[in-house]
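Structure record follows, encoded as structure tokens.
The values are calculated or read from the model by the stated rules, or taken from the named source; none is laboratory data. Model, not experiment: these values are computed from the prediction. Cβ placement follows ideal geometry from the backbone for every residue including glycine, while neighbour counts extend to all protein chains displayed.
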Amino acid sequence: MRIFGFLNNNDFDFVGHRYIAFFITAVMIFGSIGLLTFKGLNLGIDFTGGIMMEIKTPEIPDITKMRTELNDLSLGDISIQEFGAKDSFLIRVPEQKGGAEAQKNAIEQIKETLNQQFPDKKIDYQRSEYVGPQVGDELKKSGILAFLLTVAGIMGYIWYRFEWQYGVAAILSLAHDTLAVVGLFSLLWMNFDLGTLAAILLVAGYSTNDTVIVFDRIRENRRKFKRMPVREIINLSVNQTLARTINTSFTTLLALIALWVFGGEVIRDFANAMIFGIVIGTFSSVYVASSALLYLPFGHDDKRETEDDKTP
């Protein structure tokens with residue numbers, strides 16, 4: 001028995017609530033654009049270049065003293081933040097002039113300074129990474145290219161599989177989903193790195209899959225009920241696929257929540273993007289993509305008379 005099997009027999013008026021959904025969508029899209037324009041993203045060293053160190057101290061340290069002593073090293077604006085626990089920290093250091101040797105010296109200076117705070121105890125240096133500015137620029141360009149190619153591929157698939165109207169509606173939904181996730185990372189100033197970008201691409205694919213299921217049912221019902229108004233066809237189709245949509249999203253969220261709880265801080269941002277993206281993607285498949293069809297050319301073709309007319 002399916003978890004949400006009771007949704008198989010329902011008659012929700014999704015189209016009737018489309019203006020509320022469109023308002024929420026507009027707030028997310030324009031809010032995200034505004035955040036990206038005026039606040040930007042907290043780009044990780046994957047994109048900016050620099051040094052990242054993850055440490056675990058033997059006891060909870062004096063953060064203010066630690067930050068002051070590290071900044072006295074004249075290595076630039078050093079960022080220190082808790083990383084999952086009060087004795088675990090993520091230290092980010094700007095890229096140093098002088099190549100790889102300068103980065104190694106900076107790491108050694110940081111270790112010496114930190115060790116002085118715990119002279120009789122040992123700090124666990126769990127990882128130390130360095131990404132050069134050229135590599136960061138290349139990763140940034142590759143990330144943007146990957147995103148654009150993904151969007152182009154989805155557009156091409158929808159265009160080939162369905163009529164062009166469905167492609168336009170799917171792209172509106174896709175823009176809504178991706179911008180909403182990016183806007184969340186800007187709003188909460190969460191670390192945005194390659195893992196987060198991968199999550200956004202996964203969200204785009206997941207949302208498109210959900211949207212294709214709904215579109216396929218709409219196309220099938222348009223052929224089956226040839227005199228039924230498009231508004232009613234959309235409502236009927238979304239209701240028929242609702243149990244499948246909710247079941248799929250719910251089971252996916254269960255796995256992501258487990259990943260968020262037990263995966264640790266390293267994968268936390270990836271899980272955040274996926275969880276929010278799945279929720280937003282489900283909303284856009286049910287409301288945004290399907291209701292957008294009403295405003296495209298065939299959306300106003302209320303009566304399509306044929307001899308083999310059927311009624312539900």
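Across segment 111-128, what is the number of residues that are at pLDDT below 80 and either in a helix (DSSP H, G or I) or under 26 Å from the mean Cα position of the chain (by Cα) (or both)?
Within segment 111-128, residues that are at pLDDT below 80 and either in a helix (DSSP H, G or I) or under 26 Å from the mean Cα position of the chain (by Cα) (or both) number 0.
Can you tell me which of ILE80, ILE110 is of a type in the set (A, V, I, L, M), surrounded by 15 or more Cβ atoms within 10 Å (Cβ to Cβ) and out of contact with any strand residue (DSSP E or B) (no Cβ under 6 Å at 6 or more places or on another chain)?
Result: ILE110 is the single residue among ILE80, ILE110 that is of a type in the set (A, V, I, L, M), surrounded by 15 or more Cβ atoms within 10 Å (Cβ to Cβ) and out of contact with any strand residue (DSSP E or B) (no Cβ under 6 Å at 6 or more places or on another chain).
Which one is farthest from LYS122 (Cα to Cα) among residues in segment 40-79 that are among the hydroxyl-bearing types (Ser, Thr, Tyr) and in a helix (DSSP H, G or I)?
Ranking the candidates gives THR48 first.
If you scan segment 26-39, which residues turn out to be under 29 Å from ILE80 (Cβ atoms) and either assigned to a helix (DSSP H, G or I) or not assigned by TED's automatic domain parsing to the domain that holds TRP189 (or both)?
Of everything in segment 26-39, those that are under 29 Å from ILE80 (Cβ atoms) and either assigned to a helix (DSSP H, G or I) or not assigned by TED's automatic domain parsing to the domain that holds TRP189 (or both) turn out to be SER32, LEU35, LEU36, THR37, PHE38.
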